[in-house]
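Asker: Below are the structure tokens for one structure; questions will follow.
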Amino acid sequence: MRFLSVAEAIQYNEVCIPPTTTAPLQKAKGRQRAVNVLLWTAQGLLAVIFLFAGGIKLALPIDVLTAQMPLPGLFLRFIGLSEVLGAIALIVPGLVRVRPGLTPLAAAGLVLIMIGATTLTVMSGQIVSALVPLTVGLMAAVVAYGRSSTIR
């Protein structure tokens, strides 16, 4: 039995594999790259939104927060901290490639926060205003689903 050298194996593969078989692979790679760019764009936008919203909840005095929202002040601080940590977890694990499974979990947690925000907005009678947290929540759900392949 004779083993092929690397050069012979490459030449053998070029002869045996028709060039048309690589086209679907290239299309799949292009599609995967486009989805990845879309997910990174959504993650960046969500991170900015949640850093801003969470930062406001952490920076404002509690009496100002409770005047705007009918929730306990410490609960609003907890939500703000959760939003800031979620925003960080949307970006950092993928950037440094350490524990990328945290990104879909963070996005799923932010979906839960947005479900609560949408519910409270609808209960206060502002149906049209509820579209904003609903849209942000749907975007977070897309990121959670799209990045969940890192968990599987």
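Throughout, read-outs are computed from the coordinates displayed, never taken from laboratory work. This structure is a prediction, so every number in the text was calculated from the model and none was measured. In this analysis, Cβ positions are derived from the backbone assuming ideal geometry, glycine residues included, and neighbour counts consider all displayed protein chains.
Asker: Quick one: in the stretch 20-150, what % of C-alpha pairs are over 18 Å apart? Display every interim value, and only then the final one.
Answerer: Numbers: 4968 of 8515 pairs.
In whole percent, the share of Cα-Cα pairs in the stretch 20-150 beyond 18 Å is 58.
Asker: Place the peptides 104-117, 31-44, 129-142 in order of packing, highest mean first, counting for every residue the other Cβ atoms within 10 Å and averaging per peptide.
Answerer: Numbers: 104-117: 20.1, 31-44: 13.4, 129-142: 17.1.
Packing proxy ranking, top to bottom: 104-117, 129-142, 31-44.
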